Amino acid sequence: MEYFAHNTAVIDEGCTIGQGTKIWHFSHIMSGCRIGERCNIGQNVVISPEVVLGCNVKIQNNVSVYTGVICEDDVFLGPSCVFTNVINPRSAVNRKEEYRTTIVGKGASIGANATIVCGHNIGRYALIGAGAVVTKNVADYALVVGNPARQCGWVSEYGHKLDFNPQTQRAVCAESNQEYLLEDGIVRRVK
């Protein structure tokens, strides 16, 4: 077996699971999921049908990842964070044809108990604070907190807050020494 699944985990038919992935206690991986290599799926996690996870995605305990969610490589989903996939759910009304796509960009982190309302994308390396409620798209490298989530800064690929020089519009990550440039409200790493 190329991946590990605890004996209490349920994995439905038709899933693709990459080498080195670990699936822990009481988690349910539903049909048609595509899970990359080296992922770690904590206990009591639900991955709904057709969800796509890139490589090295870390999902903490008690997370629900619903149909329509795509997580790119190196995404971190904190404990008990949740996604939605329908804007106006009703028990008596079937809206499976109305599922909205949510893309979580490479390297993004979503904090514990955060809620991501469907149809809103999370940019690459963005950091969503614990308990935040995301109701609109989040830019690459953005730091957002609160309910509703509001941007309060920028972070590096290592997750450190960036302090941009007002004259040069450049900042350096305290841990990696990677340099970043802020132009027209868009942050990019300087190679």
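Side notes on the structure shown:
- Taking only the C-alpha atoms of the chain, Rg followed by Dmax gives 17.4, 58 Å.
- Pairwise FRET efficiency - Q169 versus Q19, Cβ, R0 = 45 Å, nearest 0.05: 0.60
- Remark on Q178: its backbone amide H falls under 5 Å from those of C173, a criterion applied only to residues 5 or more positions apart or on other chains, H modelled at 1.01 Å from N.
- Estimated from the Cβ-Cβ distance and a Förster radius of 41 angstrom, the FRET efficiency linking D184 and E2 is about 0.35.
- The charge dipole of the chain, taken about its Cα centre with unit charges on the Cβ atoms of Lys, Arg (+1), Asp and Glu (-1) only, comes to about 340 debye.
- Vicinal HN-Hα couplings computed from phi for the range 28-45 (Karplus, 6.51 cos²θ - 1.76 cosθ + 1.60; Hz; Gly/Pro x): 10, 9, 8, 4, x, 6, 10, 10, x, 6, 6, 7, 10, 10, x, 7, 6, 9
- For the range 1-81: rounded, prolate or oblate by the Cα gyration tensor [a/c cutoff 1.5]: rounded
- Relative contact order %, the chain, counting alpha carbon pairs below 8 Å whose residues are six or more apart: 10
- The charge dipole of the range 125-191, taken about the Cα centre with unit charges on the Cβ atoms of Lys, Arg (+1) and Asp, Glu (-1), comes to about 120 debye, rounded to the nearest 20.
- Residues whose placed amide H lies under 5 Å from that of R150, excluding near-sequence neighbours: V145
- Here the Karplus relation 6.51 cos²θ - 1.76 cosθ + 1.60, evaluated at θ = phi - 60°, turns the backbone of the range 154-169 into coupling constants of 10, 10, 7, 5, 8, x, 9, 4, 9, 10, 7, 5, x, 7, 9, 6 Hz, with x for every Gly and Pro.
Bear in mind that the values in this text are calculations on the coordinates, not laboratory data. Since the model is a prediction, treat every value here as computed from it, not as a measurement. Backbone-built Cβ (ideal geometry, glycine too); neighbour counts: all protein chains shown.
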